[in-house]
Amino acid sequence: MNKISPRPCSDRLVQQLIAGGVPPLLARLYAARGITDAGQLDTGLQHLLPFALLKNAQQMGKQLADAIGADKRILIVADYDADGATACAVGMRGLGALGARVDFIVPNRFEYGYGLTPEIVQLSRQSSPDILLTVDNGIASVEGVAEAHRLGMQVLVTDHHLPGDTLPEAECIVNPNQSGCAFPSKHLAGVGVMFYVLMALRAELRKRGAFEPVEVSPTPSPSPAGRGEPNLGHLLDLVALGTVADVVKLDDNNRILVQQGLQRIRAGHGCCGVQALLRVARRPAAQTSSYELGYMLGPRLNAAGRLEDMSIGIRCLLTDDANEADELATRLDALNHERRSIEADMQESALATLHAFDPADNFSLALFNADWHQGVIGILASRLKDKFHRPVIAFARAQNGELKGSGRSIPGLHLRDALDLVSKRQPHLILKFGGHAMAAGLSIAEAHLADFRMAFEAVARELLDADALQKTITTDGALEVHEFTLDIARSLQNQVWGQGFPEPLFEGDFHVQAQRVVGEKHLKLKLSSPAGNFDAIRFFSAEPVAENIRAVYSLNINEYNGSENLQLIVRHWQKA
């Protein structure tokens with residue numbers, strides 16, 4: 001049985017935040033998430049960490065300013081996920097506004113794989129670029145950078161992934177996780193890194209006198225000199241989307257970026273593509289939260305890279321034509337529906353394979369099916385990780401006898417470090433790998449799958465203990481009777497929650513007055529407790545619950561026929 005455990009919280013910190021003007025419930029939630037001062041909650045742009053702290057950002061700003069002055073051609077090499085797509089769009093829009101000649105290329109994952117590979121460098125020659133600028137990739141592209149140099153191209157790398165033992169010999173690397181970088185936020189997404197480089201570039205161009213005062217020439221001119229200084233804040237909707245969709249930790253700095261982007265979207269100032277994606281998701285822009293970015297817009301963008309071509313998603317984010325944006329968003333929505341269908345089939349086949357699987361006998365899972373789709377194995381790994389609470393790597397067949405794997409981990413096992421251990425101990429097993437603590441990708445020879453399973457299991461047994469293997473559902477305790485209100489639900493929805501700063505979950509005992517299946521796969525509930533009677537819903541689970549339950553839930557506002565009602569979303573239940 002899963003363990004339900006309240007999140008520890010310091011009474012002293014709660015009282016300190018209340019004294020700073022934070023409402024009591026929010027003070028309890030923030031204190032439990034490491035907020036020690038009310039000032040950390042100020043999400044004004046003036047509190048962003050300065051770009052000067054990000055190693056090489058100013059140097060890259062100078063190099064890009066030189067390129068703009070020399071009218072050099074810059075080609076952005078993007079990644080095929082939502083972070084890569086938004087980083088590319090931010091780079092395209094920002095560099096274009098600052099006077100650069102810029103275009104982009106994004107690898108098709110099925111043909112070229114991830115990152116700046118030699119094959120992508122060869123393909124980029126068609127655009128005759130002087131400079132290749134990577135976004136959300138490049139830190140591991142040793143061979144790709146060497147190939148670019150052989151062909152006479154310069155390479156600027158912007159990335160946030162963890163570096164390997166050898167760095168590419170690029171002209172400049174900006175990555176908060178590279179050695180010697182003192183930037184306090186190590187959790188910038190790829191789109192955040194690109195945004196910081198643009199801030200450094202704008203400052204360098206300002207120093208060079210590239211901008212005229214707005215009152216003299218408010219309309220940008222065709223040449224870099226004499227153009228009005230662009231407001232990079234217009235890009236923050238894209239920065240917010242990529243940051244949330246990439247599931248990076250929402251530390252103080254990232255929460256500023258996300259909150260500022262959400263404010264633009266809610267005010268109706270999101271770019272055409274973001275607004276179109278919200279329309280196909282049937283979500284009102286004025287009520288957009290980090291949930292919509294992570295669970296509605298992000299998956300639709302990712303579907304393009306998973307099934308077809310991420311250039312569809314990037315074009316959606318780049319167009320300023322509302323009709324074109326709607327057409328592209330509709331296409332992305334259709335791809336997402338297709339992705340869901342493929343995922344459901346893959347999950348069914350995986351669970352059939354695992355019908356006799358006992359998590360107690362295994363510390364990890366490494367699965368392969370010849371029919372699985374390369375673009376969906378990451379989602380499958382995530383679903384199986386959630387179900388079994390074990391690190392999972394799902395493999396699909398690639399080319400030339402290789403398997404492509406995508407992994408998801410649990411707290412206690414840093415996935416990239418675990419793969420690094422496997423690679424160091426048995427160098428022949430892994431052809432290439434990369435990633436983060438909770439997610440990673442790799443390639444192996446199909447003939448080595450059984451050996452890899454054994455090696456990965458051995459490492460998992462070393463790194464995980466019994467406590468880590470029991471899934472703990474962490475809550476924020478119980479709500480007081482007076483806290484079950486629409487105003488509090490609305491207040492919670494307006495905050496920025498996400499990875500490392502989780503959405504509040506509460507726990508309590510309820511009597512189930514009624515339950516019925518709706519939409520074939522959701523359970524609609526009528527619950528009662530000393531706090532009152534409540535409507536509730538459990539999504540994607542049609543199995544009936546007990547008559548008396550201990551529920552883990554979040555507060556939600558249900559809108560129907562123009563009226564609003566408080567609704568509990570049940571995330572987990574146990575028999576009371």
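Would you mind stating whether residue 255 is buried (at least 21 other Cβ atoms within 10 Å of the Cβ), over 16 Å from the mean Cα position of the chain (by Cα) and modelled with pLDDT of 95 or more? Criteria not met by residue 255.
Selection of the stretch 469-487 for residues being modelled with pLDDT of 95 or more and part of a loop (DSSP other than H, G, I, E, B) yields 476, 477, 478, 479, 480, 484, 485.
Every test in (1) surrounded by 13 or more Cβ atoms within 10 Å (Cβ to Cβ); (2) closer than 16 Å to residue 4 by Cβ is passed by residue 548 save one, and that test is (1). Return only the number of the condition from (1) open to solvent by less than 70 Å² (accessible area, probe 1.4 Å); (2) out of contact with any Leu (no Cβ under 9 Å at 6 or more places or on another chain); (3) among the aliphatic types (A, V, I, L, M) that residue 53 does not satisfy. Failed condition: (1). Hey, among the residues in the stretch 489-535 that are acidic (Asp, Glu) and over 17 Å from residue 27 (Cα atoms), which one's least open to solvent (accessible area, probe 1.4 Å)? Looking at the filtered set, the residue picked out is 507. Taking the criterion of being over 24 Å from residue 10 (Cβ atoms), touching a residue at least 12 places away in the same chain (Cβ under 8 Å) and part of a loop (DSSP other than H, G, I, E, B), the residues of the stretch 488-521 that qualify are 494, 520, 521.
Okay, residues lined up against (1) out of contact with any strand residue (DSSP E or B) (no Cβ under 8 Å at 6 or more places or on another chain); (2) of a type in the set (Gly, Ala, Ser):
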{"site": "69", "(1), (2)": "yes, yes"}
{"site": "73", "(1), (2)": "no, no"}
{"site": "87", "(1), (2)": "no, yes"}
{"site": "101", "(1), (2)": "no, no"}
{"site": "111", "(1), (2)": "yes, no"}
{"site": "117", "(1), (2)": "yes, no"}
{"site": "139", "(1), (2)": "no, no"}
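You will find that of 164, 84, the residue that is in contact (Cβ under 8 Å) with a residue 40 or more places away in the chain, touching an Asp or Glu at 6+ places or on another chain (Cβ under 9 Å), closer than 30 Å to residue 294 by Cβ and surrounded by fewer than 20 Cβ atoms within 10 Å (Cβ to Cβ) is 164 and no other. Just checking, does the stretch 531-539 include any residue being part of a strand (DSSP E or B), within 33 Å of the chain's Cα centre (by Cα) and among the basic types (Lys, Arg)? Looking for residues that are part of a strand (DSSP E or B), within 33 Å of the chain's Cα centre (by Cα) and among the basic types (Lys, Arg), one finds at least one in the stretch 531-539, hence yes.
Just one residue in the set 111, 143, 147 is without any contact (Cβ under 8 Å) to a residue 12 or more places away in the chain, farther than 17 Å from residue 73 by Cβ and either in contact with a Ser or Thr (Cβ under 6 Å, 6 or more places away or on another chain) or of a type in the set (Asp, Glu) (or both); that residue is 111. Checking each residue in the stretch 389-434 for being open to solvent by less than 30 Å² (accessible area, probe 1.4 Å) and either acidic (Asp, Glu) or free of Cβ contacts under 8 Å to residues at least 12 places away in the same chain (or both) picks out only 423. Restricting the stretch 236-252 to residues that are of a type in the set (A, V, I, L, M, F, W, C) and either open to solvent by less than 10 Å² (accessible area, probe 1.4 Å) or modelled with pLDDT under 95 (or both) leaves a set whose member that is farthest from residue 317 (Cα to Cα) is 250.
The values are calculated or read from the model by the stated rules, or taken from the named source; none is laboratory data. Just so it is clear, the model here is predicted, and its values are computed rather than measured. Cβ sites come from the backbone with ideal geometry, for glycine too, and all protein chains shown count toward neighbours. Note: accessible area is taken over every heavy atom of the protein model, side chains too, but ligands, DNA and RNA are not part of it. Shrake-Rupley method; radii C 1.70, N 1.55, O 1.52, S 1.80 Å.
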